[in-house]
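Data block below; observations after.
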Ligand code: UD1
Ligand code: CA
């Protein structure tokens with residue numbers, strides 16, 4: 001949808017976070033607050049996105065991957081109206097509508113923003129304010145009406161006792177027409193905080209004889225502003241609860257909904273059972289009929305149908321169908337475990353491609369390796385992949401059997417159907433079909449026992 005541009009206000013220091021990090025860089029479910037707002041706005045494909053930065057600008061700028069965002073700077077923090085004014089130089093001659101949104105309302109949905117813009121266009125208003133009716137309006141700007149019609153917005157610190165009782169609040173999200181710039185130029189800092197408030201544009205535009213309007217959001221959680229750690233944590237819980245409800249209704253079993261963390265973007269198939277103590281972080285997709293037992297942590301990974309994960313840490317891995325991981329395994333970046341693979345007690349894999357039906361069930365480290373099908377890796381086997389400078393690869397052919405406590409000194413290649421004797425330290429390639437024993441022979445010597 002075109003014919004509107006967006007201005008995102010993100011220059012505030014976020015003092016109430018009590019943090020060295022700019023507020024908008026705080027992470028909500030693995031994604032910085034500002035990115036939530038950028039994603040929602042971008043979904044509507046505006047003509048321009050202008051980001052107003054100030055406090056911690058460099059850090060925020062570095063985190064952005066979008067190339068279509070124009071950045072302007074607010075060098076002094078004089079208030080939300082002053083922040084919005086910084087976008088004028090980019091949009092001065094722009095004829096379309098202008099969505100102004102604070103960067104600290106991460107849960108806002110694109111569809112709500114669209115309704116706001118459409119309302120402003122449809123009725124030809126100079127401003128439409130997105131509002132919400134909340135139980136506890138403390139800290140928000142109140143929507144003051146006269147005869148049922150929007151009169152002004154008054155901030156908590158400036159509100160009269162009667163106004164403080166108003167439960168309809170300003171979300172900090174507005175759609176303006178091109179009169180925005182003239183209205184902003186008229187804002188004065190005559191309020192308790194001596195700041196230039198964007199909220200004053202309501203009465204200013206009214207004074208110009210322009211139409212002012214509001215629409216109320218359907219779900220209040222969408223406009224929750226994040227100003228402190230309690231609100232950030234609350235937003236996490238809102239996202240998590242929404243996700244859990246969605247998964248339960250899609251046929252996923254979650255044994256104790258109070259005792260799991262599941263990221264908003266997780267995909268989990270039906271009949272999968274999630275046990276207490278499981279933490280599913282961002283970028284995870286889990287198939288159907290899996291069992292995920294606590295305490296497991298999974299991030300950026302894909303797990304195939306009917307797999308069982310117990311008490312394990314999985315990051316950046318692709319796991320096939322019917323696989324078994326754990327208890328107590330660490331499946332690291334670049335691990336690819338195919339169908340029926342089993343990685344067990346205290347085994348670790350990294351950048352290891354392990355073909356179907358292979359097992360490393362006890363105390364192993366398999367790193368920078370390619371393991372064929374139907375390979376059994378005995379307890380305590382290690383790929384010695386690092387020579388102090390570089391990483392090297394170990395290749396083990398299909399059908400091989402690796403006895404316990406074997407060291408593979410990489411780079412090394414083991415053929416198919418090789419039997420590696422327990423306790424071997426394998427330093428040279430082994431052709432297919434061989435038995436390799438690479439360990440000191442057992443000797444018996446006389447033992448002299450002192451009296
Ligand atoms: C603001 C609204 C309030 C509304 C609430 C909703 C004003 C005056 N008040 O209050 O009516 O209920 O949001 O969440 O706008 N900013 C700058 N530069 C500044 C000051 C602020 O860029 O000099 C940015 C902040 O980074 C933030 C936004 O403007 O994204 C709003 O500022 P904030 O201090 O969070 O305002 P609230 O007190 O929450
Ligand atoms: Ca705020």
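Summary table below
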quantity: Those residues of segment 1-31 which are surrounded by fewer than 22 Cβ atoms within 10 Å (Cβ to Cβ) and within 13 Å of ligand 1 (Cβ to nearest atom), in sequence order; calculated: 13, 15, 16, 17, 25, 26
quantity: Hits in segment 136-177 (condition: under 21 Å from residue 210 (Cα atoms), out of contact with any strand residue (DSSP E or B) (no Cβ under 6 Å at 6 or more places or on another chain) and either part of a strand (DSSP E or B) or within 9 Å of ligand 1 (Cβ to nearest atom) (or both)); calculated: 146, 149
quantity: Of residues in segment 113-135 being part of a loop (DSSP other than H, G, I, E, B) and at negative phi, the one surrounded by the most Cβ atoms within 10 Å (Cβ to Cβ); calculated: 126
quantity: Condition met for residue 42 (at pLDDT below 95, over 19 Å from residue 176 (Cβ atoms) and either surrounded by fewer than 18 Cβ atoms within 10 Å (Cβ to Cβ) or in contact with a helix residue (DSSP H, G or I) (Cβ under 9 Å, 6 or more places away or on another chain) (or both)); calculated: no
quantity: Cβ-Cβ under 9 Å pairs, at least 6 apart or on other chains, segment 40-52 side farther than 19 Å from residue 24 by Cα, far side in a strand (DSSP E or B) and within 16 Å of ligand 2 (Cβ to nearest atom); calculated: 48/7
quantity: Segment 257-278 residues that are in contact (Cβ under 8 Å) with a residue 40 or more places away in the chain, paired with ones that are assigned to a strand (DSSP E or B) and surrounded by 15 or more Cβ atoms within 10 Å (Cβ to Cβ) (beta carbon under 6 Å, 6 or more apart); calculated: 263/280
quantity: Hey, residue 200 away from ligand 2 (no atom under 16 Å from the Cβ) and surrounded by fewer than 19 Cβ atoms within 10 Å (Cβ to Cβ) or not; calculated: no
quantity: Only listed residue being more than 44 Å from the chain's Cα centre (by Cα) and either touching a residue at least 60 places away in the same chain (Cβ under 8 Å) or surrounded by 15 or more Cβ atoms within 10 Å (Cβ to Cβ) (or both), chosen from 352, 410, 438, 379; calculated: 438
quantity: Residue check for residue 222: in a helix (DSSP H, G or I) and more than 30 Å from residue 16 (Cα to Cα); calculated: no
quantity: Failed item in (1) more than 26 Å from the chain's Cα centre (by Cα); (2) under 28 Å from residue 276 (Cβ atoms), with residue 316 passing the rest; calculated: (1)
quantity: Residue within segment 225-241 that is closer than 20 Å to residue 298 by Cα, in contact (Cβ under 8 Å) with a residue 12 or more places away in the chain, more than 19 Å from the chain's Cα centre (by Cα) and part of a helix (DSSP H, G or I) present; calculated: no
quantity: Counted residues, segment 203-254 - those being under 19 Å from residue 132 (Cβ atoms), away from ligand 2 (no atom under 16 Å from the Cβ) and surrounded by fewer than 16 Cβ atoms within 10 Å (Cβ to Cβ); calculated: 6
quantity: Test result for residue 50, at pLDDT 95 or above and either over 24 Å from the mean Cα position of the chain (by Cα) or under 30 Å from residue 243 (Cβ atoms) (or both); calculated: no
quantity: Among residues of segment 124-135, those that are over 25 Å from residue 98 (Cα atoms), in contact (Cβ under 8 Å) with a residue 40 or more places away in the chain and more than 11 Å from ligand 1 (Cβ to nearest atom), counted; calculated: 0
quantity: Segments classed as helices (runs of 4 or more DSSP H), wholly inside segment 53-112, with at least 3 members that are surrounded by fewer than 16 Cβ atoms within 10 Å (Cβ to Cβ) and out of contact with any strand residue (DSSP E or B) (no Cβ under 8 Å at 6 or more places or on another chain); calculated: 57-63
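This table checks each residue for (1) away from ligand 1 (no atom under 16 Å from the Cβ); (2) closer than 30 Å to residue 158 by Cβ.
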site	(1), (2)
182	yes, yes
186	no, yes
204	no, yes
211	yes, yes
227	no, yes
238	no, yes
249	yes, no
270	yes, no
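The values are calculated or read from the model by the stated rules, or taken from the named source; none is laboratory data. From a predicted model like this one, the values you see are computed outputs, not experimental measurements. So basically every Cβ, Gly included, is an ideal-geometry build from the backbone, and we count neighbours across all protein chains shown.
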